[in-house]
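Colleague: Please find one structure pasted underneath; my questions will follow.
Throughout, read-outs are computed from the coordinates displayed, never taken from laboratory work. Here the structure is a predicted model, which is why all the values come from computation and not from measurement. Neighbour counts are summed over all protein chains in view; Cβ atoms, including those assigned to glycine, are modelled from backbone coordinates with ideal geometry.
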Amino acid sequence: MASSIRYIFAQVNENLTENAANNTGKTPSTPEGMAVAYGSLVVMAMLPIFFGSYRSVIYHKEKKPEKMTKKDAAIFPIMASCALFALYIVFKLFSKEYINLLLTGYFFFLGVLSLTHLLSPVIGKLVPAAIPNIPFHVTFKQGEGEAAQYLIDYRFTTYDVVSLAACLLVGACKCCGIVTP
């Protein structure tokens, strides 16, 4: 009886050890899995390029495209070199943690604004009628009269503010690690 209990415990221990080793090991890739992964990468890379090019052609047919002058072409390498040198200086002066924090904040901001823009019509239909849809208009202009240039001319509603709040909540939960992909 004692030997059979020892045998059962030995078998359970061996099975647990084997399962733990199987779970922590890397799953070998198959040709089919690699084909799906690389195929989806190619498709995800090509579709935005195709649709962006198509929309660009339509836009340029409707509007006269801008032309690059000789002065613009001559100053472009200088400006690009200055930008790259400034980026090099920033990476040398600041630590990796600060740069990662800056990039995280940048992508958080862009992600929240993109999600707000996409979900605003959907959330507008879900907002109860108790919240009125009040339009707002923010303008920021330089100069007076006919010579005035509008730097910011943005229109939004209270439903857009509700959408922004919901998207900020989703973004904050994602940044804090409450929601994982």
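Colleague: Output the relative contact order of the chain, whole-number percent, from Cα pairs under 8 angstrom with separation of 6+ residues.
Modeller: With pairs under 8 Å counted, the relative contact order is 15 percent.
Colleague: Here's another thing I want to ask about it. Show which aspartates and glutamates lie in cross-link reach of LYS26 when reach means a straight Cα distance below 16 angstrom and same-chain residues fewer than eight apart are skipped.
Modeller: Answer for LYS26, where 16 Å is the Cα cut-off: GLU18, listed by chain and number.
Colleague: If exposed GluC sites (Glu not before Pro) are those in a DSSP loop with at most 16 other Cβ within 10 Å, what is the longest stretch of the chain that has none? Before the final figure, lay out each step's value.
Modeller: Details: sites that count: GLU66, GLU144.
Answer from the scan: 67-143.
Colleague: Which of THR157, THR139, THR116 moves most in a GNM of the chain, Cα contacts under 10 Å?
Modeller: Of THR157, THR139, THR116, the Gaussian network model singles out THR139 as fluctuating most.
Colleague: Using the 10 angstrom Cβ neighbour count as an exposure proxy, how do VAL57, VAL112 rank, fewest first?
Modeller: So the ranking, lowest neighbour count to highest, is VAL57, VAL112.
Colleague: Before anything else, pin down the relative contact order of the range 124-181: Cα pairs under 8 Å, at least 6 apart, normalised by residue count, whole percent. Don't skip to the answer; put the middle values down first.
Modeller: On the way: 48 pairs, mean separation 17.1, N = 58.
Relative contact order for the range 124-181 comes out at 29 percent.
Colleague: Report the rotationally averaged projected area of the range 69-180 based on its alpha-carbon convex hull, in square nanometres. Intermediate results must be reported in sequence, preceding the final value.
Modeller: On the way: hull surface 49.9 nm².
Seen from a random direction, the Cα hull of the range 69-180 projects 12.5 nm² on average.
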